[in-house]
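First comes the structure, then the notes that go with it.
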């Protein structure tokens with residue numbers, strides 16, 4: 001006889017329960033304990049404030065008020081990681097990335113703009 005989860009003869013085990021102690025900041029009216037390092041990790045992968053607030057069951061304003069430092073640092077870490085990856089890709093010979101970084105970091109352009117500094121000096125007959 002083949003036992004599958006759909007057959008009435010199979011018995012499901014009762015879920016185990018326990019107690020978990022969480023260390024973090026107590027925030028909001030419900031006095032929820034939120035670990036700052038978890039907020040940092042979610043910001044580090046690019047989650048928006050509303051997504052992080054929803055994950056912890058908080059109001060977005062409560063999250064922003066209590067964890068602004070972690071949100072900023074997490075997003076800055078993400079930007080630094082992306083820059084490292086871009087530079088690494090460019091230095092490995094990726095022409096598209098070399099051009100893009102040249103334009104954005106070095107201010108290089110495909111079509112230089114004529115400005116007064118680029119104009120020839122006026123000709124004067126004396």
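The values are calculated or read from the model by the stated rules, or taken from the named source; none is laboratory data. Small disclaimer: the values here were computed from a predicted structure and weren't measured. Positions of Cβ are backbone-derived with ideal geometry, glycine not excepted, and every protein chain shown enters the neighbour counts.
Picking from 46, 107, 93, which residue would you name as being in contact with a helix residue (DSSP H, G or I) (Cβ under 9 Å, 6 or more places away or on another chain), outside any strand (DSSP E or B), exposed (fewer than 14 other Cβ atoms within 10 Å of the Cβ) and at positive phi?
46
I'd like to know if the stretch 67-79 contains one or more residues that are in contact with a strand residue (DSSP E or B) (Cβ under 9 Å, 6 or more places away or on another chain) and touching a residue at least 24 places away in the same chain (Cβ under 8 Å).
Looking through the stretch 67-79, at least one residue is in contact with a strand residue (DSSP E or B) (Cβ under 9 Å, 6 or more places away or on another chain) and touching a residue at least 24 places away in the same chain (Cβ under 8 Å).
Among the numbered conditions (1) surrounded by 10 or more Cβ atoms within 10 Å (Cβ to Cβ); (2) modelled with pLDDT under 90; (3) out of contact with any helix residue (DSSP H, G or I) (no Cβ under 9 Å at 6 or more places or on another chain), tell me where residue 119 comes up short.
All conditions pass for residue 119, except number (1).
So, in the stretch 10-62, exactly how many residues are within 24 Å of the chain's Cα centre (by Cα) and over 29 Å from residue 77 (Cα atoms)?
The total comes to 0.
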